[in-house]
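Since the structure comes first, as C-alpha cells, the remarks are kept for the end.
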Amino acid sequence: MFLPLGDEPNPPGIPWMTYGLIAANTAVYLLVALPLSGVRPDVADPLFREYLQVLLETFPQGQSASAEIAQQLTAYDLFVFDYGFRPAAPVLSALLTSMFLHAGFAHLAGNMLFLWIYGDNVEHRLGHGLFFVAYLITGVAATLFHSVFALGSALPLVGASGAISGVLGFYFLWFPHNRIRVWVFFFPFIMNVIKLPARIVLGFYLVFSNLLPFLVSQGVTGGGVAYGAHIGGFAGGLGLAWWARRRDVVASPDEYRDVERQASFSEGELVSGLVEEGRFSEAAQVYFRIDSDDSRQLLTPRLSIQLADWLAKNRHSRAALVVYQRHLRDYPVGPMAAEAHLGAGLVQLNAFGQPVSAYQHLVEVFDHEPSPSVGSLARQALNEIDRRRKIRVH
C-alpha cells in the first residue's frame, strides 16, 4: 500500500481556491449525502423505479434479488442518479454537479487528500481564478473521456477524482523535481515514510492505479471505479499545462509586445551583432520583433545567456525568463544549459516569488555539469527556498 502524505517544497501564501473546493465538496457530503443516506426513498417516485430498472439491467444476476436491492436503496442513491452524469442519458448541468458528489466518506477523503497535497502548487502557478477554471475543464474532460467508453451506461458517474487527476497532470509536467512523502505499508515487512520524486509517484498512479486496470476492465459490466475518468482528467491537465508552458515561451513580454513582428536572416544577424557590441537594449527590441518560431537558435548559447542576463539585471524580468526558456528550448543540453536553468530559477524566485517553479530549474542545474560559480549560486538559491519552507506553516 502506498499513501501520499505531503509534498515539498510548497509555495508561499494560502491556496484559497484549493481550500474552497475542499470545503465545497465536504459541505455537499455533510449537508446532502449524509442526511439522505439515512432516508428511505419513496417507492412511488418514478425515479426510484427507473433507477431500480437500470440496476437490474446492468447486473442481470440481481433479477432474483430485486426486492433486496430495492430495500438497500436510499434517497441519496436517487439524488446521485438524478444529479450524477449518465452517459446513456447525458445532461449538461450534470457535468458540473457530478464533480461535487461522492459515493461515501472514503471516496471523499481520498479525493480531498490528493487535492490538498497537489492543489496548492498548481494554484500558485495558475492563480486562483485560472486554477478553478482548469479544475472544471479537466473535470468535464474526464467525464467525457469516460463516457466515450461507456456510451450505453445508465449508471451515474460521480466524484471529484477526474478534476483532481487534471490537477495531477499539471503537477506532473510542471513540478517533476518536487518530493512526495509517501507512507509505504506492507505489513509486517515495510512500514515507513519515504520521499520519492513526484513523477515516480504520479507515474505509478497513472499506470498501475488507472491505465492497467482500465485496460483489464474493458468489457466488464458495472464496476465501482471510473478509471477512464482518471486517465482523461490526467491527460487534460497534461495538455493544458503543456499549452500554458508553450504560451509562456512564445509570447512577447509586455514591454516588447507592440513591436512589429518580422523575420529575416538580416534580422538574426543584427541581433547577434548588437549583443556582441553590448548594445543589449537595441538587441532586445530586435529579438522580440522576430516571431518565436523563427527565433530558434537565432543566438549562439553564449549570446543567448548574455542577453537574458542583461534583461534580468535591468529588471526586464518577464523578458529575461522568456529568453532563458527559449534557450532551453533550443539548447536543452550542452553549453550554457546550466546557466539558463540558473537564470530562469533566480528570476522565478526573486522577481516573481515562485519558489516551487524556481526549484525545478535550480535542481536541473546540477544535471549539466555547472561551473563552480554557477553551482554555488544554485545551492545558495536552493538553501533560500529551504529556509522559506521551514518558516511556513503548511
Taking R0 as 45 Å and r as the Cβ-Cβ distance between Arg296 and Trp183, the FRET efficiency 1/(1 + (r/R0)^6), rounded to the nearest 0.05, comes to 0.50
Could you give the accessible area per residue of the chain, probe 1.4 Å, as a whole number in Å²?
49
Tilt, helix 105-126 to longest principal axis of the chain (alpha-carbon atoms), in degrees rounded to tens, equals 20
With Cα coordinates, the longest principal axis of the chain makes an angle with the long axis of helix 372-390, in degrees rounded to 10, of 40
Once both labels are modelled 7 Å past Cα along the beta-carbon direction, what's the Arg279-Phe2 spacing in nm?
5.6
Calculate the spin-label point distance for Arg245 paired with Arg379, positioning each point 7 Å from the Cα along the beta-carbon direction, and give it in nanometres.
2.8
Helix 161-174 versus the longest principal axis of the chain: what angle, 0 to 90°, nearest 10, using Cα atoms?
20
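Within the chain, what whole-number % of the accessible surface is contributed by carbon and sulfur, with the 1.4 Å probe and all protein chains included in the calculation?
The value for the chain is 62 percent carbon and sulfur by accessible area.
The values are calculated or read from the model by the stated rules, or taken from the named source; none is laboratory data. Model, not experiment: these values are computed from the prediction. Heads up, the Cβs are rebuilt from the backbone with ideal geometry, glycines too, and the neighbour counts pull from every protein chain shown. Quick note on the areas: whole protein, heavy atoms, side chains included, nothing else; ligands and nucleic acids left out. Shrake-Rupley method; radii C 1.70, N 1.55, O 1.52, S 1.80 Å.
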